[in-house]
Amino acid sequence: MEALSLKGKDIYYWEFQCNGLTVHIASSHIGAVRVSIGFTRQEGFVSELKTLAPAAKFFEDSKPNEALISTLEAYFKEGKPLMNLPWDIDATAFRDRVWKSVCTIPYGETRTYKDIAAMVGTPKGARAVGQALNKNPLLILIPCHRVVAADGLGGFGSGIELKKYLLSVEQG
C-alpha cells in the first residue's frame, strides 16, 4: 500500500464485532480512511495506518466513526445497502475511476473485471482493474466484492471466503 497524504490530520480508529467478523475502521474529519476485515488484532491495523500516514495523529474513538459503524452494522445484520459516506483516500486517476465505477454496481449484482475495464475506458484492462481493486482501502464501501471473473469469482485480497460471504449478504 502507498503512503496516504493525511499530514496533520487526526485519524480516529475503532474495532467492532459484527456477525462473527472483526471490523476495523478509520476516519478523518473528512471521511472514511480505511475499512478492513480480517486483522486479528487492532494493533496490526493501527500499525499499518501509522506506516501509511506517519504524519497523522491517531486516536481510538468510536464517536467520529458512528455513521460508518451504523452503516456497516446495518449492512451485515440486516442486509441493508450502504449509505453513501464521504471518503478521505488517495488514488491515482485510474484507481479513482475504477473505484467510482465499482460503486455504481447495484446492490446484489455483480460485474466482471472486463465490464469495469470497459466502463473506465480501457476495454483490455481487466488485469489492471483487478490490481486497482486489490488496493481498495475501503472494503465494502467500495464494493470490490461485486467484481467477479468471467469464469467464476476471481480473486479477493481479504480472502475468497469473505468475498462469498459478502455476496451472500447482498443476495439475501
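Derivation of every value follows stated rules applied to the coordinates shown; laboratory data play no part. Everything numeric here is computed off the predicted structure, so don't read it as measured data. Ideal geometry is used to build each Cβ from the backbone, glycine not excepted, and the neighbour counts take in all protein chains shown.
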Inset, instruction - Please work out the C-alpha center-to-center distance from the range 27-74 to the range 90-155 and express it in whole Å. - result: 23 Å
Legend entry - Cβ-derived FRET efficiency at R0 22 Å, F58 paired with C103, nearest 0.05: 0.20
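Sorted from fewest to most neighbouring beta carbons within 10 Å, what does the list R97, R146 look like?
Details: R97 18, R146 22.
So the residues, fewest neighbours to most, are R97, R146.
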Inset, instruction - For V148, list long-range residues whose amide hydrogen, built 1.01 Å from N in the peptide plane, is under 5 Å from its own amide hydrogen. - result: R111, T112, Y113
Inset, instruction - Below 13 Å Cα-Cα, how many Lys pairs turn up in the chain? Only count pairs eight or more apart in sequence, or on different chains, if you could. - result: 5
